[in-house]
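Below is one structure; the comments refer to it alone.
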Amino acid sequence: DTAVSQTPKYLVTQMGNDKSIKCEQNLGHDTMYWYKQDSKKFLKIMFSYNNKELIINETVPNRFSPKSPDKAHLNLHINSLELGDSAVYFCASSPRLAGVPGELFFGEGSRLTVL
Amino acid sequence: AQKITQTQPGMFVQEKEAVTLDCTYDTSDQSYGLFWYKQPSSGEMIFLIYQGSYDEQNATEGRYSLNFQKARKSANLVISASQLGDSAMYFCAMTPPAGYSTLTFGKGTMLLVSP
């Protein structure tokens, strides 16, 4: 059973389109994240949700809208896709938001290519 | 603000040899966590090892050990007896103290293990 699963794994689309990436974790974790890995492999936090509440929004354009229907799911919707949105998007979860640091459990990544 | 620096864009090592991947960090926090993740060519992020800033002993996990030198703010990853399957990108990361579990990543080091 995959602990953190993302769909789709690959997404190719044209500029201007709207697309979504879904993420689900079956670990019972309270906190979920979206990270973006650019072409230079740099990983950067985009959003963090704790128990369905938005906690961190790291200067991400408004075209990106995360949605957490429950604490096991964190979806990422992107409007009006731009070429610069091409990247690998990783979903992750952790047992808790704060306190003793614990490792993040990552999904397998979703490679988005905008043409 | 926290910052992670990995100065080695790429490293080469022969099979069965040991290799050290460098990581330095900058933080004004007294309590923090340090992590290493491995990203093989398949793209997933794999947790390797964790070191808490107050841990007196260096963390070890099988062939991985973390050479933690707090005064120098370094957290180097040592891989003993390299294997071909160790070829991957390696990321050093850290979390803030009793704040969020969000990871700040370094830019990564590509390790290539040759036969």
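The values are calculated or read from the model by the stated rules, or taken from the named source; none is laboratory data. Keep in mind that what you see is a predicted model, and the values were worked out from it rather than measured. Every residue, glycine as well, gets a Cβ built from its backbone with ideal geometry; the counts of neighbours run over all protein chains shown. The area values use the complete protein model at the heavy-atom level, side chains included, leaving out ligands, DNA and RNA. Shrake-Rupley method; radii C 1.70, N 1.55, O 1.52, S 1.80 Å.
Only one entry of A:Asn50, A:Asn57 meets the criterion of being within 22 Å of B:Tyr32 (Cα to Cα) and free of Cβ contacts under 8 Å to residues at least 24 places away in the same chain, and that entry is A:Asn57. Of A:Glu108, A:Glu82, all but one fail to be modelled with pLDDT under 95 and open to solvent by 50 Å² or more (accessible area, probe 1.4 Å); the exception is A:Glu108.
Note on the range A:6-115: enclosed strands (runs of 3 or more DSSP E) holding 2 or more residues that are among the aliphatic types (A, V, I, L, M) are A:10-13, A:43-50, A:53-57, A:73-78, A:87-94, A:110-114. In the range B:25-42, which residue that is within 14 Å of B:Leu103 (Cβ to Cβ) and away from every other protein chain (no Cβ under 12 Å) is surrounded by the fewest Cβ atoms within 10 Å (Cβ to Cβ)? By that ranking, first place goes to B:Thr27.
From B:Tyr64, B:Tyr90, B:Tyr50, grab the single residue that is touching a residue at least 12 places away in the same chain (Cβ under 8 Å), facing another protein chain (nearest Cβ under 10 Å) and within 26 Å of A:Glu108 (Cα to Cα). So that I can check it myself, show each step before the final result.
Details: B:Tyr64 fails: facing another protein chain (nearest Cβ under 10 Å); B:Tyr90 fails: facing another protein chain (nearest Cβ under 10 Å).
After ruling out the rest, the residue left standing is B:Tyr50.
I'd like to verify a number: residues in the range B:1-44 that are touching a residue at least 40 places away in the same chain (Cβ under 8 Å) and not in a strand (DSSP E or B), how many?
Counting residues in the range B:1-44 that are touching a residue at least 40 places away in the same chain (Cβ under 8 Å) and not in a strand (DSSP E or B) gives 17.
Consider the range A:12-37 and keep the residues that are of a type in the set (D, E, K, R) and modelled with pLDDT of 95 or more. The one that is surrounded by the fewest Cβ atoms within 10 Å (Cβ to Cβ) is A:Asp18.
For the range B:50-97, the set of residues classified as assigned to a strand (DSSP E or B), more than 23 Å from B:Leu112 (Cα to Cα) and not polar (S, T, N, Q) consists of B:Gly52, B:Phe68, B:Met94, listed by residue number.
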